[in-house]
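What follows is a set of notes on a single structure, which appears directly below.
The values are calculated or read from the model by the stated rules, or taken from the named source; none is laboratory data. In this text, all values refer to a predicted model and were calculated from it rather than measured experimentally. Heads up, the Cβs are rebuilt from the backbone with ideal geometry, glycines too, and the neighbour counts pull from every protein chain shown.
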Amino acid sequence: MKMGMINLMNDYNTTAHPRVLEAIKAADGKRFTGYGTDEATAATAEAIRSLTGCPDAGVHFMIGGTHTNLTAISAFLRPHEAVVSPLSAHINVHETGAIEAAGHKILTVPAEAGKAKAVDVALACEAHTDEHMVKPKMLLISQTTELGTVYTREELKALREVCDEYGLYLYVDGARLGCALMSEACDLSMEELAGYTDAFYIGGTKNGLLFGEALVIVNPALCSDFRFLVKQRGGLLAKGFLLGIQFGAIFENGLYFELAGHANDMAAKLTAGLIGAKIPLLAKTESNQVFLCVSRETLDRLAEKILFERWAREGEAGTPIRFVTSWQTTDEEVASVLGLF
């Protein structure tokens with residue numbers, strides 16, 4: 001990485017927001033009980049229950065997104081049960097087969113704009129008819145999706161209904177949940193999201209924390225012995241209080257939503273400039289991910305100044321790439337990027 005390059009590779013490319021670091025620093029010299037059994041973590045869990053409108057929810061602070069998905073899915077499903085997900089879902093593409101390595105087949109459905117549709121979920125369920133096949137038992141979706149799009153209330157309601165019809169749990173990968181909830185395309189609140197799901201997680205790694213996700217288990221039937229399974233999967237941190245402190249800081253005075261909103265705003269400004277420069281976009285920008293297609297000449301020029309991800313191989317129309325904005329992205333950086341087109 002060259003000095004002075006603009007980092008749009010992802011939204012977890014720095015340590016943490018200063019208020020999170022200050023909260024950790026303020027705990028210097030204090031002593032906590034281990035494995036997240038401390039008072040600070042308990043208070044943060046209670047704050048999340050209040051925020052989600054789920055006073056009886058199980059709240060567990062996890063290390064990262066892949067580990068959260070692996071632990072939750074392994075805990076919620078019996079050995080013969082499978083998870084349905086959009087083809088582009090993180091568990092299907094970017095988790096090194098973790099779910100299937102744990103013994104649970106992923107049944108993929110089409111992912112138009114990154115989203116699953118109720119009709120396709122129904123078809124997947126109806127295609128698995130007896131004990132000679134795996135049994136669909138969970139639908140996993142991401143909010144935001146892997147293409148940065150968001151599910152609306154109507155779309156989530158339709159998925160809840162098909163899950164109820166076929167006896168599926170609805171689980172939401174919320175790695176970028178803050179950006180989803182702050183998106184102008186989203187008409188859902190945190191509490192409404194919780195009302196439609198059996199479990200979901202609130203992503204912290206990609207929105208201002210050093211690391212960490214907060215798993216919220218809404219369905220009481222899924223809560224039993226969950227800490228045993230977290231431990232078995234290697235995720236019960238001895239210094240679990242670090243997660244409780246971080247989430248406590250990020251939710252104080254609405255900072256979590258403030259940071260996500262800023263990331264979305266920067267992506268919107270970047271998108272407007274790209275449209276003005278007549279750069280073709282691969283997906284509608286609804287949150288903090290911007291997908292575009294560039295020529296080889298432009299690609300080489302951008303690579304001199306910007307860190308970004310090449311999303312797919314070069315095609316006739318050029319190379320698909322992705323820019324990701326974060327709480328730390330500035331107006332000046334956006335202007336500098338647009339100046340390269």
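Among the residues of region 34-65, write down those that are part of a loop (DSSP other than H, G, I, E, B) and in contact (Cβ under 8 Å) with a residue 24 or more places away in the chain.
As a first pass, look at region 34-65 and keep what is part of a loop (DSSP other than H, G, I, E, B): 34-38, 53-57, 63-64.
Scanning region 34-65 gives GLY34, TYR35, GLY36, THR37, ASP38, GLY53, CYS54, ASP56, ALA57, ILE63, GLY64.
If a residue must be on the phi > 0 side of the Ramachandran plot and either of a type in the set (A, V, I, L, M) or surrounded by 15 or more Cβ atoms within 10 Å (Cβ to Cβ) (or both), how many such residues does region 25-55 contain?
Filtering region 25-55 for residues on the phi > 0 side of the Ramachandran plot gives 29, 35-36, 53.
Then drop every residue that is not either of a type in the set (A, V, I, L, M) or surrounded by 15 or more Cβ atoms within 10 Å (Cβ to Cβ) (or both), which leaves 35-36, 53.
Result for region 25-55: 3.
Pick from region 197-220 the residues that are in contact with a helix residue (DSSP H, G or I) (Cβ under 9 Å, 6 or more places away or on another chain) and farther than 25 Å from LEU259 by Cα: which of them is surrounded by the fewest Cβ atoms within 10 Å (Cβ to Cβ)? Write out each step before concluding.
We begin by selecting, within region 197-220, every residue in contact with a helix residue (DSSP H, G or I) (Cβ under 9 Å, 6 or more places away or on another chain); these are 197-219.
From what is left, the residues that are farther than 25 Å from LEU259 by Cα are 198, 218-219.
Numbers: ASP198: 22, VAL218: 23, ASN219: 16.
My answer is ASN219.
So ASN69 passes all but one of these: (1) among the polar types (S, T, N, Q); (2) without any contact (Cβ under 8 Å) to a residue 12 or more places away in the chain; (3) touching a helix residue (DSSP H, G or I) at 6+ places or on another chain (Cβ under 8 Å). Which condition number does it fail?
All conditions are met except number (2).
Residues are listed down the side, and each one gets a yes or a no for (1) surrounded by 22 or more Cβ atoms within 10 Å (Cβ to Cβ); (2) touching a residue at least 40 places away in the same chain (Cβ under 8 Å):
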position	(1), (2)
VAL134	no, yes
LEU140	yes, yes
THR152	no, no
LEU159	yes, yes
ASP164	no, no
GLY167	no, no
ALA175	yes, yes
SER183	yes, yes
SER189	no, no
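Considering region 292-331 alone, what residues qualify as being closer than 30 Å to VAL20 by Cα and surrounded by 19 or more Cβ atoms within 10 Å (Cβ to Cβ)? It would help to see each step written out before you state the result.
Going through region 292-331, the residues closer than 30 Å to VAL20 by Cα turn out to be 305-309, 322-331.
Answer for region 292-331, where residues must be closer than 30 Å to VAL20 by Cα and surrounded by 19 or more Cβ atoms within 10 Å (Cβ to Cβ): PHE308, ARG322, PHE323, VAL324, THR325, SER326, TRP327, THR329.
Could you list, in sequence order, all residues of region 283-311 that are more than 23 Å from GLY178 (Cα to Cα) and either assigned by TED's automatic domain parsing to the domain that holds ALA180 or β-branched (Val, Ile, Thr) (or both)?
VAL294, THR298, ILE306
Is one or more of the residues making up region 242-252 over 24 Å from the mean Cα position of the chain (by Cα), outside the structural domain of ILE321 (by TED's automatic domain parsing), over 24 Å from MET182 (Cβ atoms) and modelled with pLDDT of 95 or more?
The answer is no, given that none of the residues of region 242-252 is over 24 Å from the mean Cα position of the chain (by Cα), outside the structural domain of ILE321 (by TED's automatic domain parsing), over 24 Å from MET182 (Cβ atoms) and modelled with pLDDT of 95 or more.
Check LYS269, LYS284, LYS278, LYS239 and return the single one that is closer than 30 Å to ARG227 by Cα and either in contact (Cβ under 8 Å) with a residue 24 or more places away in the chain or not hydrophobic (A, V, I, L, M, F, W, C) (or both). Show your work before the answer.
On the way: LYS269 fails: closer than 30 Å to ARG227 by Cα; LYS284 fails: closer than 30 Å to ARG227 by Cα; LYS278 fails: closer than 30 Å to ARG227 by Cα.
After applying the criteria, what remains is LYS239.
Filtering region 225-267 down to residues that are under 28 Å from ASN288 (Cβ atoms) and among the β-branched types (Val, Ile, Thr), which residue is surrounded by the fewest Cβ atoms within 10 Å (Cβ to Cβ)?
If we filter region 225-267 for residues that are under 28 Å from ASN288 (Cβ atoms), which is where we start, we get 235, 237, 242-267.
In the following step, the residues that additionally are among the β-branched types (Val, Ile, Thr) were identified as 245, 250.
Numbers: ILE245: 24, ILE250: 28.
Filtering first and then ranking leaves ILE245.
Pull up region 15-33, narrow it to residues that are touching a Leu at 6+ places or on another chain (Cβ under 8 Å) and in a loop (DSSP other than H, G, I, E, B), then point me to the one that is farthest from GLN246 (Cα to Cα).
Out of the qualifying residues, it is THR15.
Could you say whether any residue in region 256-271 is of a type in the set (A, V, I, L, M, F, W, C) and over 17 Å from THR144 (Cβ atoms)? So that I can check it myself, show each step before the final result.
From region 256-271, those of a type in the set (A, V, I, L, M, F, W, C) are 257, 259-260, 263, 266-268, 270; that's our starting set.
Then drop every residue that is not over 17 Å from THR144 (Cβ atoms), which leaves none.
Scanning region 256-271, I find no residue that is of a type in the set (A, V, I, L, M, F, W, C) and over 17 Å from THR144 (Cβ atoms), so the answer is no.
Is it the case that VAL172 is over 22 Å from THR285 (Cα atoms) and in contact with a strand residue (DSSP E or B) (Cβ under 6 Å, 6 or more places away or on another chain)? Outline the logic, then answer.
Values: over 22 Å from THR285 (Cα atoms): no; in contact with a strand residue (DSSP E or B) (Cβ under 6 Å, 6 or more places away or on another chain): yes.
Here the answer is no, as VAL172 does not meet what is asked.
Which residues, counting only those in region 114-145, are within 22 Å of ARG322 (Cβ to Cβ) and either β-branched (Val, Ile, Thr) or out of contact with any strand residue (DSSP E or B) (no Cβ under 8 Å at 6 or more places or on another chain) (or both)?
So in region 114-145, the residues within 22 Å of ARG322 (Cβ to Cβ) come out as 114-116, 140-145.
Within region 114-145, ILE141, THR144, THR145 qualify.
Any idea which of (1) part of a loop (DSSP other than H, G, I, E, B); (2) surrounded by fewer than 16 Cβ atoms within 10 Å (Cβ to Cβ) is the one GLU286 doesn't satisfy?
(2)
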